[in-house]
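The values are calculated or read from the model by the stated rules, or taken from the named source; none is laboratory data. None of the values given here were measured: they were computed from a predicted structure. Because the Cβ atoms are built from the backbone with ideal geometry, glycine has one as well, and the counts that use them run over all protein chains shown. What goes into the accessible areas is simple: the full protein's heavy atoms, side chains included, and nothing from ligands, DNA or RNA. Shrake-Rupley method; radii C 1.70, N 1.55, O 1.52, S 1.80 Å.
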Amino acid sequence: MNPANEIHKKLTEGEFREEAAMLFDNGNPLMLMFCVDEREIGGGFTVYAVFSLKGEDLFMVLSFPVTEKSGRFAYKSITPLVPAAHWYEREIRDMFGIEPLGHPDPRPLVLHGMYPDNLHPLRRDVTVEQIRSRIDLEREDNYNFVKVEGEGVCEIPVGPVHAGIIEPGHFRFSAVGESIYFLDPRLFYTHKGVEKHFERIGFERGAALAERVSGCSSFAHSTAYCLAVERMAGVEIPEKAKAIRTLLLELERIYNHIGDIGNMCAGTGFAVGYQSGALIKEKLMRLNASLTGSRYLRGVNALGGVSRDVLEKADEILFTLDEVTTEYKDFMELLTGSVSHMERLDGAGVLSMDIARKLGATGIAARGSGINQDMRTVHKHLMYDSVVFEAHSRGKGDVLARMMVRADEAECSFSIIESILKEPYPGPLAAGIKGFPALSSALGYVEGPRGSVFYFVKTNDKGEPLRVKVRSASFCNWPLMPFAVRGNIIPDFPLVNKSFNLSYSGSDM
Amino acid sequence: MFTRIFNNIIGKKKALRAGELKLTRSDLEFAEGMRRKMHSVFGRSARIRQVDAGSCNACEWECTAMGNPVYDSQRFGVDFVASPRHADIILVTGPVSLGMVLALKKTYLATPGPKLVIACGDCSKDGGIYRGSYAVTDGAAEIVPVDSYIPGCPPTPRDILAGISRTIDAFIK
Ligand code: SF4
């Protein structure tokens, strides 16, 4: 049995292509796409694509079995019809060895040079020992960077280790004078094999791993993971757990948004703004620590609910937020009153709505470009059906728009938290989960600080994890970066980058 | 806010509510000790090159937080630098994903001696939660010689500072 808001359609390859293209053309965004190795449960490799149906709380889950032709697995790529599928298809090629025929980009995505060819980590019969024994750390990564030729074009390689305290990734700029003509990123340096690890450690320990997929979205990830497993097990979590999860999701959003707005000041060299943002963030982190014992809200989520009654400290939350609200107002006044800061943001790193839609942007990146999509309003989960709020978007698609969306959302989060704290929530913190049903699957999702976070879990015939698919917001948004920076000057790259604030670890997994 | 912190130190009021920024006497003593130590060992300052070797990024954010006005590690000369050539200490975070092995080695070799290597965070010690995955090593010590570890997942900015201080103590002995 599938959860009520998932419509599953088992199709053939041809039907899948048609249906996916039709859904996408009609404005139903592709939320995620992945493959499951179902050979041990009497199937084959099955490719899934999940679309969110416009204006309805429904997911259309299309799937088809990949056919084998003389030992090779291949199907006709859907990227030419559904551009948002392009990274997913490259990922499936690396991790399962299934070729999307006619995909415009033949390069690997996830696996770097040290990984052996023809060994695909997410195939169920490939063991960790096998992979390890064939790893060759000396082998170079011969990534075929796009080469721009012409008079005055100069190539600038940056990374993977960057100047600041940030995550690793390689960027290859092709610049003409000071302007970026083309950017080709090479990511996945922090690939940790998280999805296969989920399969090995079992559902119970999974929540802790989900918390460590992406540091600043710890709570969003663990909530999406727990929701997926709970939905699969058919468990309804108690009201109190819903309230606490919603509250902490909003706290996570606030500290990220304010921190990010502050960090953008580092991109414009506005030190006072940067430190003011950092100070407010620090306050919020301390509140997190006092509520949950972790500055990153870890250790609270557990399958079936939560492990700590955060609501006992309602006074402290209100007290701190009260202070933070005042400081935040001053902070925003400081920023918006600084001409030199605002000048840099205005018109920098424009991402057009058309590109954002085609490439499947999510979260701040999408809403900054006028796509008003927010999981909290479209697919109401947890307490979001009872709190009143609206999704915020801005149309310009520049750095300023992304900053203002964050600012609007942060304010909105303050009021969501207040309204949650008004109600009493009697009852237990968690519901018990009695085992995991065999051959079942479910989606779990939340709107994290960077955008939608999805988990898909499926069990084998013993009720053990057969597949845990993680889709972080950054995975959708990284491919947007080359489009947003095009034509900008290189010194603005850090600023544009910070305005998206994408997670490397979350996308590399 | 600054005035509040200031009054709090001067007036030695009772600790403010949790969540509030507060400095205790031990914070101040720690800071003073740290400053002296830096002065005597490194002749004023210790420069750190932080290398993210596949961390989940929480450890990095705590390193970044060390520079905020509350911890302000620069006041005792602890600062992060852009190039390994300028560094005295390499601070490694993450379980060392295979993709970062080479970069970590190169960073180590590019740092002039004498140098200290600190592995920061539980997963840098033995792979932590990721241990057993095909894509990570069993900790930073497999790749570079590690002088000390800072436990925590992630360690708080204060823990990291204390860890750096401990490492320097051990180095003096
Ligand atoms: S120690 Fe914990 S917080 Fe630090 S990088 Fe590892 S998993 Fe992340």
Exercise for the section: Could you check how much of the accessible area of the range A:202-477 is carbon and sulfur, as a whole percent, using a 1.4 Å probe? Expected result: 52 percent
Problem - Contact order normalised by residue count of chain A, Cα under 8 Å, 6+ apart, percent - result: 17 percent
Practice task
Take the Cα gyration tensor of the range B:33-173, multiply each eigenvalue by 5, square-root it, and list the three semi-axes largest first, rounded to whole angstrom.
Solution key: 24, 16, 13
Practice task
Once you've got the Cα coordinates, tell me which of A:Lys380/A:Lys498; B:Lys37/B:Lys173; A:Lys434/A:Lys462; A:Lys9/A:Lys458 are over 20 Å apart.
Solution key: A:Lys380/A:Lys498
Practice task
Can you spot the aspartates and glutamates whose alpha carbon is less than 17 Å from A:Lys10's alpha carbon? Ignore those fewer than 8 places along the same chain.
Solution key: A:Glu18, A:Glu19, A:Asp37, A:Glu38
Exercise for the section: Starting from the Cα gyration tensor of the range A:93-165, take the square roots of the eigenvalues, sort them a ≥ b ≥ c, and report rounded, prolate or oblate (rounded when a/c is under 1.5, otherwise prolate if a/b is larger than b/c, else oblate). Expected result: oblate
Completion exercise
Asserting the computed 222 nm helical MRE of the protein assembly as shown (DSSP H runs at least 4 long, -39500 (n - 2.57) per run, divided by residue count, to nearest 500) equals -12500 deg cm²/dmol
Practice task
List the accessible area buried at the contact between B and A, summed over both sides and calculated with a 1.4 Å probe, in Å² to the nearest 100.
Solution key: 4600 Å²
Problem - Rounded, prolate or oblate (a/c below 1.5 giving rounded, otherwise prolate when a/b exceeds b/c) for the protein assembly as shown by Cα gyration tensor - result: rounded
Completion exercise
Mean projected area (nm²) from the convex hull of Cα positions in the range A:142-265 is 11.2 nm²
Exercise for the section: Could you tell me the distance between the Cα centroids of the range A:334-357 and the range A:108-132, to the nearest Å? Expected result: 41 Å
Exercise for the section: Please report, to two decimal places, log10 I(q)/I(0) for the range A:202-477 at q = 0.07, 0.12, 0.13 Å⁻¹ as given by the Debye formula with identical point scatterers on the Cα atoms and no solvent. Expected result: -0.25, -0.74, -0.86
Exercise for the section: Partner chain Cβ atoms within 10 Å, averaged over the residues of A:103-116 - can you pull that number for me? Expected result: 2
Exercise for the section: State to the nearest 20 debye the size of the charge dipole of the range B:38-173 about its Cα centre, where the only charges are +1 on K and R beta carbons and -1 on D and E beta carbons. Expected result: 400 debye
Exercise for the section: Calculate the length of the line joining the C-alpha centroid of the range B:97-173 to that of the range A:361-379, in whole Å. Expected result: 38 Å
Fill in the blank from the handout: One computes Rg over Rh for the range A:314-378 from alpha-carbon atoms, with the Kirkwood Rh, and obtains 1.14
Exercise for the section: Using a/c under 1.5 as the rounded threshold, could you call the range A:22-62 rounded, prolate or oblate? The axes a ≥ b ≥ c are square roots of the C-alpha gyration tensor eigenvalues, and prolate needs a/b larger than b/c, oblate otherwise. Expected result: prolate
Completion exercise
Cα extents of the range A:6-134 along the principal axes, largest first, in whole Å, come to 49, 32, 28
Problem - Peptide A:287-298, shielding by other chains (average Cβ, 10 Å cutoff) - result: 3
Handout entry: Heavy-atom accessible area per residue - the protein assembly as shown, 1.4 Å, Å²
Key = 37 Å²
